[in-house]
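Student: Before we start, here is the structure in question, set down as structure tokens.
The values are calculated or read from the model by the stated rules, or taken from the named source; none is laboratory data. What you are looking at is a predicted structure, and each value in this text was computed from that prediction instead of being measured. Ideal geometry is used to build each Cβ from the backbone, glycine not excepted, and the neighbour counts take in all protein chains shown. What goes into the accessible areas is simple: the full protein's heavy atoms, side chains included, and nothing from ligands, DNA or RNA. Shrake-Rupley method; radii C 1.70, N 1.55, O 1.52, S 1.80 Å.
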Amino acid sequence: MPRSDIQCDLMVIGAGMAGMASALFAANRGVTTVQVGMPGEIGFASGLLDLMGVHPVKEGRVWNNPWDAIDRLTRDIPEHPYARIGKNDIRQAVEEFTLFLAESGFPYHTYQDRNADVITPIGTIKKTYCVPENMWNGVKALNKRSSCLLIDFSGLKGFSARQIKETLHERWPELRTARVSFPDTSGEIYTEHMARQMEDRKVRQKLALAVSPHLRGAQVVGLPAILGISRTREVISDFEKQLGVSVFEIPTMPPSVTGLRLRQIFEQQLPKRGVRTLFQQKVLGVRPAGTGEFKFNVGNHDNTLTVGAKGAILASGRFFGKGLHADGKRIRETIFGLPVYQPKDRTLWHCKDFLNPAGHAINLAGLETDDSFRPLDHSGCPAFKTLFAAGSILAHQDWMRMKCGSGLAVATAYIAVNSFLKQVS
């Protein structure tokens, strides 16, 4: 067997939420870790950390208490990944994950035993568990029906303060709106550019001057998520001082500044914790070694290297993350060739009604695992002793409709890392 260019304990495959959480948990436990993947996927994150919001999906039942929702879910769908995880482990996973974000300057707030109501960019209300600090004033203002001014911007597409007001006017009558011009810009503008500009205090001063005449007694001001990228707390604090009122952000349509903030935190902080990151690269091939380890060929067509690892966590996502691939007949896992739980026939992938409330059968496709989150082979046994899976690649869950994506990613990553340690100890 050729000598590896890099040797590690654990290879994390994927740079979405599950991959980032896996690398974090491994680093926190002193595991030498290499992470490979394309981090662009996390740029689509809203910044909200959903735990459990909707079940049963067909009925569209929305839950205030996510822990009660998980209890009901695990009774109804015992194959769901949450059914393999104790609620105490889910709590510990979320706490460890959000503590890392707080230490990185991006704290979260939660009610612990109930979901929070957060405004979406189209004016609907979303139930979520953990809310970034920069959006928390909006949660409080909605609860209190505070007098609120919503701001949007000339040239910014996909965000309308007026639409939000019209959608929420019965629940929140004390909403007003104003459209202003972003300082020193003209024509179409983009949230990332605005966020970077807002880290300049002179730009904040100019925007405060534009917004102030519209306040007229408003207790709080809501804006699209543009209040900085790497220094959001500083930007918001200074902007609040200049306006004299509380401020909150509303997530925008993806890709968004909220996802960019998370991506930047992980890219900067994981290497400081000892993770060897190989972002913008992918696994080109893998060979199990006779010792139970793996040899990964990583890179691109111009530059490759070999990574030897005692174990791996497959957090490569579904179709968007390219962890799964669908052709005209079947769905396959793209790296190890693992069997994929899926409808028996291609014609059963989708319902005739595209907007079927229950979703489509293909949404439940993925890898089946044992209780340690080791993917199973065709005989129903773990395919490899030290291969684990986490996140959306797992079968029997429809994270988008169930509103459990981030919680599922973080909790399964937590169990996968701890299961790896048990296997190699």
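Student: Kindly list the number of the only condition in (1) of a type outside the set (K, R); (2) over 30 Å from W67 (Cα atoms); (3) touching a Pro at 6+ places or on another chain (Cβ under 7 Å) that fails for L387.
Tutor: Among (1) of a type outside the set (K, R); (2) over 30 Å from W67 (Cα atoms); (3) touching a Pro at 6+ places or on another chain (Cβ under 7 Å), the lone unmet condition for L387 is (2).
Student: So, in region 95-117, exactly how many residues are touching a helix residue (DSSP H, G or I) at 6+ places or on another chain (Cβ under 6 Å), over 14 Å from L262 (Cα atoms) and open to solvent by 10 Å² or more (accessible area, probe 1.4 Å)?
Tutor: Counting residues in region 95-117 that are touching a helix residue (DSSP H, G or I) at 6+ places or on another chain (Cβ under 6 Å), over 14 Å from L262 (Cα atoms) and open to solvent by 10 Å² or more (accessible area, probe 1.4 Å) gives 2.
Student: Applying the selection to region 132-154, what residues are among the aliphatic types (A, V, I, L, M) and either under 26 Å from T98 (Cβ atoms) or open to solvent by 10 Å² or more (accessible area, probe 1.4 Å) (or both)? Before the answer, list the steps.
Tutor: So in region 132-154, the residues among the aliphatic types (A, V, I, L, M) come out as 135, 139, 141-142, 149-151.
Selection gives M135, V139, A141, L142.
Student: Answer yes if at least one residue in region 248-262 is within 19 Å of R201 (Cβ to Cβ), more than 18 Å from the chain's Cα centre (by Cα) and open to solvent by less than 20 Å² (accessible area, probe 1.4 Å), and no otherwise.
Tutor: No, every residue in region 248-262 fails to be within 19 Å of R201 (Cβ to Cβ), more than 18 Å from the chain's Cα centre (by Cα) and open to solvent by less than 20 Å² (accessible area, probe 1.4 Å).
Student: Please verify whether region 273-290 includes one or more residues that are within 27 Å of R204 (Cα to Cα) and surrounded by 17 or more Cβ atoms within 10 Å (Cβ to Cβ). It would help to see each step written out before you state the result.
Tutor: Going residue by residue through region 273-290, those that are within 27 Å of R204 (Cα to Cα) are none.
Looking through region 273-290, none of the residues is within 27 Å of R204 (Cα to Cα) and surrounded by 17 or more Cβ atoms within 10 Å (Cβ to Cβ).
Student: If I ask for residues that are among the small types (G, A, S), surrounded by 23 or more Cβ atoms within 10 Å (Cβ to Cβ) and farther than 27 Å from E249 by Cα, which ones from region 28-46 would you list?
Tutor: Passing the criteria: only G37.
Student: Give, as residue ranges, the strands (runs of 3 or more DSSP E) completely inside region 178-291 that count at least 1 residues that are closer than 30 Å to R29 by Cα.
Tutor: Passing ranges, in order: 276-279, 282-288.
Student: Right, something else. Looking only at region 386-409, which residues are part of a helix (DSSP H, G or I) and among the hydroxyl-bearing types (S, T, Y)?
Tutor: Answer for region 386-409, where residues must be part of a helix (DSSP H, G or I) and among the hydroxyl-bearing types (S, T, Y): S392, S406.
Student: Just need a number here: residues in region 323-339 that are over 23 Å from the mean Cα position of the chain (by Cα) and part of a loop (DSSP other than H, G, I, E, B).
Tutor: Of the residues in region 323-339, 8 are over 23 Å from the mean Cα position of the chain (by Cα) and part of a loop (DSSP other than H, G, I, E, B).
Student: Name the one entry in G407, G359 that is farther than 23 Å from A309 by Cβ and modelled with pLDDT under 95.
Tutor: Numbers: G407 fails: modelled with pLDDT under 95.
Within the list G407, G359, the selection yields G359.
Student: Then there's this: Output the residues belonging to region 175-227 that are among the acidic types (D, E), more than 27 Å from the chain's Cα centre (by Cα) and more than 22 Å from Q163 (Cα to Cα).
Tutor: Hits for region 175-227 are D184, D200.
Student: State the number of residues belonging to region 296-321 that are more than 23 Å from L367 (Cβ to Cβ), of a type outside the set (D, E) and open to solvent by 10 Å² or more (accessible area, probe 1.4 Å). Even if it seems obvious, please write down each step before you answer.
Tutor: So in region 296-321, the residues more than 23 Å from L367 (Cβ to Cβ) come out as 299-306, 308.
Among the residues that remain, those that are also of a type outside the set (D, E) are: 299-301, 303-306, 308.
Keeping just the survivors that are open to solvent by 10 Å² or more (accessible area, probe 1.4 Å) gives 300-301, 303-306.
The qualifying residues number 6.
Student: Here is a list: D71, D5. Which entry is surrounded by fewer than 17 Cβ atoms within 10 Å (Cβ to Cβ) and under 26 Å from G290 (Cβ atoms)?
Tutor: Residue meeting the stated conditions: D5.
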